[in-house]
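Q: Okay, here's the structure, questions in a sec.
Nothing in this text is a laboratory measurement; each read-out follows from the coordinates by a stated rule. From a predicted model like this one, the values you see are computed outputs, not experimental measurements. Heads up, the Cβs are rebuilt from the backbone with ideal geometry, glycines too, and the neighbour counts pull from every protein chain shown.
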Amino acid sequence: MEQCAKDIKKVSLELGGNAPFIVFDDADLDKAVEGALASKFRNAGQTCVCANRLYVQNGVYDRFAEKLQQAVSKLHIGNGLEKGVTIGPLIDEKAVAKVGRAYCRCAGERRARGLRR
């Protein structure tokens, strides 16, 4: 990362399945939302490089959360082979249970107050 910083090169890090997605106060929020969607929802979020944590600076948190909520609400979940479907099913019951646990934890978080299922 230090070597990339010298020349302002893009860098991608493998962090053992704990990939963060970071949004700074000076970010282009539309591009950040687009990137977050691609990072988290690609392959229904079932790849080892999907973002597992979104860190957003306080200065843009509320605006980012609102834009992200709007974008997520437009995802059409269903059979991935059907026209208009943007996100397919989870791979198995274990994956469904994992998502359910994560949602329950998130719903209890104070900062999750503006996001809806």
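Q: Please state the charge dipole magnitude for the chain, taken about the Cα centre, from unit charges on C-beta atoms (+1 on K and R, -1 on D and E), reported in debye and rounded to the nearest 20.
A: Using Cβ point charges on Lys, Arg, Asp and Glu, the chain gives about 400 debye.
Q: If you don't mind, there's one more thing I want to ask. How much of the calculated P(r) for the range 15-68 lies past 17 Å, in percent of all Cα pairs?
A: Looking at the range 15-68, the distances longer than 17 Å represent 32 percent of pairs.
Q: Can you give the relative contact order of the chain as a percent, counting alpha carbon pairs under 8 Å and 6+ residues apart?
A: It comes to 22 percent, rounded to a whole number.
Q: Cα convex hull of the range 1-42: mean projected area in nm², to one decimal?
A: Orientation-averaged projected area of the Cα hull: 3.8 nm².
Q: Further question: Any chance you could run the full-extension gain for C48 through V85? It's 0.36 nm times the residue separation minus the Cα-Cα distance, nm to one decimal.
A: My answer for the length gained is 11.1 nm.
Q: Search the structure for amide H atoms under 5 Å from the amide H of V56, placed 1.01 Å from N in the peptide plane, and list their residues when 5 or more places away or on another chain.
A: V23
Q: How would you rank V23, V11, V99, going from fewest to most other Cβ atoms within 10 Å of each one's own Cβ?
A: So the ranking, lowest neighbour count to highest, is V11, V99, V23.
Q: Please name which of I77, L13, L54 has its Cα lying farthest along the dipole of the chain towards the positive end, using unit charges on Cβ (Lys, Arg +1; Asp, Glu -1) and the Cα centre as origin.
A: About the Cα centre, the residue reaching furthest to the positive side is I77.
Q: Let me ask you something else. Springs between alpha-carbon pairs under 10 angstrom, Gaussian network model over the chain: which of A65, A102, A19 fluctuates most?
A: In the Gaussian network model the winner is A102.
Q: Could I have the simple spin-label model distance between R63 and C104, label points 7 Å from Cα toward Cβ, reported in nm to one decimal?
A: Distance between label points: 3.7 nm.
Q: Another question, if that's okay. Helix 29-41 against the longest principal axis of the chain: what's the angle in degrees, Cα atoms only, rounded to the nearest 10?
A: Tilt relative to the chain: about 50 degrees.
Q: Given the chain, report the % of alpha carbon pairs whose separation exceeds 19 Å.
A: 54
Q: Loop only by DSSP, 11 or fewer other Cβ within 10 Å of the Cβ. Give me the chymotrypsin sites (Phe, Trp or Tyr not before Pro) in the range 23-55 that pass, ordered by residue number.
A: Those that pass, being in a loop and sparsely packed, are F24.
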